[in-house]
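Structure first, then comments.
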Amino acid sequence: MIGRSLSDRHGRGRLADADAIAIVRDALPTQAENLVGVRAEGAEMIAFLVVRADDAAVRVGKALGLELAKGSTVTFGLAGADAERLLGATVALRPAQRAWLAAPCAPRETKVLLLCGGLALVSLVIRDGRVVISTA
């Protein structure tokens, strides 16, 4: 553990872009309906996707008032401004990440805050009938 930051040791470091995209792509078959449901609530909503919840994810969930089972994969919605405010106290976010969370989704976009052994901000956009996944 020497030489690693506390956030890296506790699983809340930033996920590599390619890893985040692969994790979301793998979760789509079981979570797509939930992700769409969150987005349908309004452009200000962020889909919080927890994949294979580890101890750090369980702690973050608890800080948000949620009981997550270790190993579970779940999706729930938060207003972007609320996500920015609540997560700012538990997860180190850069100013650009805070702004991304607080800004409404673009048309045909679903914003996803991914927590899976680390953190990533992911955008799902529908183009020509296909899902395009990118990181913010």
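Going through V74, V125, V112 one at a time, which residue ends up being farther than 13 Å from L49 by Cβ, surrounded by 15 or more Cβ atoms within 10 Å (Cβ to Cβ) and either touching a residue at least 12 places away in the same chain (Cβ under 8 Å) or of a type in the set (S, T, N, Q) (or both)?
On the way: V74 fails: farther than 13 Å from L49 by Cβ; V112 fails: farther than 13 Å from L49 by Cβ.
When all the criteria are applied, what remains is V125.
Under 6 Å between Cβ atoms, at least 6 apart or on separate chains: pull out the pairs that start in segment 38-57 with a residue that is over 17 Å from I133 (Cα atoms) and end on any residue that is of a type in the set (D, E, K, R) and crowded, with 20+ Cβ neighbours inside 10 Å.
A56/R12
Name the single residue, out of those in segment 45-71 being touching a strand residue (DSSP E or B) at 6+ places or on another chain (Cβ under 6 Å) and within 15 Å of V122 (Cα to Cα), that is surrounded by the fewest Cβ atoms within 10 Å (Cβ to Cβ).
It comes out as M45.
Filter segment 81-109 for residues that are in a helix (DSSP H, G or I) and surrounded by fewer than 15 Cβ atoms within 10 Å (Cβ to Cβ); which is modelled with the lowest pLDDT?
Taking segment 81-109 first, the residues in a helix (DSSP H, G or I) are 81-88, 95-102.
Among the residues that remain, those that are also surrounded by fewer than 15 Cβ atoms within 10 Å (Cβ to Cβ) are: 85, 88, 95-96, 99.
On the way: R85: 83, G88: 70, P95: 88, A96: 89, A99: 90.
Only one residue fits best here, namely G88.
Listed residues D8, D19, D26; which is of a type outside the set (S, T, N, Q), under 20 Å from T135 (Cβ atoms), out of contact with any Asp or Glu (no Cβ under 9 Å at 6 or more places or on another chain) and at pLDDT below 95? Working first, answer last.
Details: D19 fails: at pLDDT below 95; D26 fails: at pLDDT below 95.
It is D8.
The values are calculated or read from the model by the stated rules, or taken from the named source; none is laboratory data. Because the structure is a prediction, the values reported are computed rather than measured. Reconstructed Cβ throughout: ideal geometry from the backbone, glycine too, with neighbour counts over all protein chains shown.
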